[in-house]
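Notes follow once the structure below has been shown.
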Ligand code: MN
């Protein structure tokens with residue numbers, strides 16, 4: 001095959017304690033998946049089915065790299081999330097078959113231009129510019145899990161400059177991981193290499209240049225980053 005210019009390198013995530021990397025295919029996200037966060041955003045947790053959106057695979061930030069404050073916002077928010085990494089996929093996957101698709105888990109931060117998201121919600125417009133910008137998906141190394149198992153509890157937290165801002169438990173998720181995989185596969189053909197950000201607990205707040213973020217999930221890992229000045 002002859003390309004008109006060199007293709008960009010495919011994004012990948014390190015696998016914890018190995019030299020191997022997980023090649024990323026797509027990045028899906030779930031909105032509104034913890035009751036307290038839904039309530040803080042003014043919604044009723046049980047009123048609607050899962051909300052799905054996506055980010056470009058190129059938006060992931062790996063290997064502990066820092067992030068530049070993005071352009072076009074003055075209200076950047078953090079959302080700590082459990083990330084599911086798939087080793088298999090399909091369409092219309094049954095809930096009881098979903099766990100077999102899981103390769104492992106990581107800790108992710110769904111960075112959000114909240115001012116642009118508020119405008120999109122008010123105008124009934126897509127969330128792409130609020131969610132899918134460059135460097136919008138920092139992620140830890142992936143921790144593989146045993147075949148057929150899935151995570152259903154464990155502390156999930158995020159600190160800014162050492163101050164606890166988000167502090168929840170995976171058991172508070174409205175839709176559990178197998179339900180998310182099953183539901184998402186009714187809309188998309190899931191594939192090995194897909195990542196799914198599974199929603200955030202309460203406590204989202206603004207981040208400023210110079211802030212240090214540390215996100216952690218019990219039994220999964222942690223990711224840290226510094227918020228650098230805007231790229232020029
Ligand atoms: Mn989110």
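No value in this document is a laboratory result; all are computed from the given coordinates. Here the structure is a predicted model, which means the values were calculated and not measured. Backbone-built Cβ (ideal geometry, glycine too); neighbour counts: all protein chains shown.
Normalised by the number of residues in region 193-232, what is the relative contact order in percent for Cα pairs under 8 Å and 6+ residues apart?
Working: 28 pairs, mean separation 13.4, N = 40.
Averaging sequence separation for qualifying contacts and normalising by length gives 34 percent for region 193-232.
If eta is 1.002 mPa s and T is 20 °C, what Stokes-Einstein diffusion coefficient results for region 1-52, Kirkwood Rh from Cα pairs, in µm²/s? Display every interim value, and only then the final one.
On the way: Rh = 15.0 Å.
The estimated diffusion coefficient comes to 143 µm²/s.
Relative contact order for region 117-232: what is it in percent, counting Cα pairs under 8 Å that are at least 6 residues apart?
On the way: 126 pairs, mean separation 31.2, N = 116.
Over region 117-232, the number comes to 27 percent.
Just to check, using Stokes-Einstein with a Kirkwood Rh over alpha carbon pairs, what's the diffusion coefficient of region 118-167 at 20 °C and 1.002 mPa s in µm²/s?
143
Percent antiparallel among DSSP beta bridges with both residues in the chain, to the nearest 5? Kindly include the intermediate steps, with their values, before the conclusion.
Details: 43 of 51 bridges.
Roughly 85 percent of the beta bridges in the chain run antiparallel, per DSSP.
Using only the Cα atoms of region 74-126, what do you get for the radius of gyration and for Dmax, in Å?
16.0, 43
Using Cα pairs closer than 8 Å and at least 6 residues apart in sequence, work out the relative contact order for the chain, in percent.
31
What is the pair-distance distribution P(r) of region 31-143, computed from all Cα-Cα distances in 5 Å bins starting at 0, with each bin given as a whole percent?
Histogram of Cα-Cα distances, whole percents per bin: 2, 10, 16, 22, 20, 16, 10, 3, 0.
Jot down the per residue volume, in cubic angstrom and as a whole number, of the convex hull over the alpha-carbon atoms of region 9-85. If you can, show how the numbers build up before the last one.
Numbers: hull volume 11.0 nm³, N = 77.
Here the figure is 143 Å³ per residue.
What is the Å³ per residue value for the convex hull set by the Cα atoms of region 97-232?
Numbers: hull volume 18.3 nm³, N = 136.
That works out to 135 Å³ per residue.
Once you have the Kirkwood Rh of region 78-167 from its Cα pairs, apply Stokes-Einstein at 37 °C and 0.692 mPa s and quote D in µm²/s. Don't skip to the end; give the middle numbers.
Values: Rh = 15.4 Å.
Answer, rounded: 213 µm²/s.
For the residues 41, 1, what sequence is obtained by ranking on other C-beta atoms within 10 Å, fewest first? Write out the running numbers ahead of the final one.
Working: 41 13, 1 3.
The fewest-first ordering by Cβ neighbours comes to 1, 41.
How many percent of Cα pairs in region 40-84 exceed 15 Å?
Details: 692 of 990 pairs.
Value for region 40-84: 70 percent of Cα pairs lie more than 15 Å apart.
Given the C-alpha atoms of the chain, compute the convex hull and give its volume per residue in Å³.
On the way: hull volume 33.2 nm³, N = 232.
Looking at the chain, the number lands at 143 Å³ per residue.
Against the 2.2 N^0.38 Å scaling, with N counting residues, where does region 188-232 land? I'd like the Cα-based Rg ratio to two decimal places. Mind dumping the intermediate values first?
Details: Rg = 14.8 Å, N = 45, 2.2 N^0.38 = 9.3 Å.
The reported ratio for this selection is 1.58.
Order of 53, 187, 133, 3 from fewest to most other C-beta atoms within 10 Å?
Fewest-to-most ranking of 53, 187, 133, 3: 3, 187, 53, 133.
Report the Cα centroid-to-centroid distance between region 194-223 and region 7-71 in angstrom, as an integer.
Value for the Cα centre distance between the two parts: 10 Å.
Among 153, 12, 136, what is the fewest-to-most ranking by other Cβ atoms within 10 Å?
Details: 153 12, 12 17, 136 24.
So the residues, fewest neighbours to most, are 153, 12, 136.
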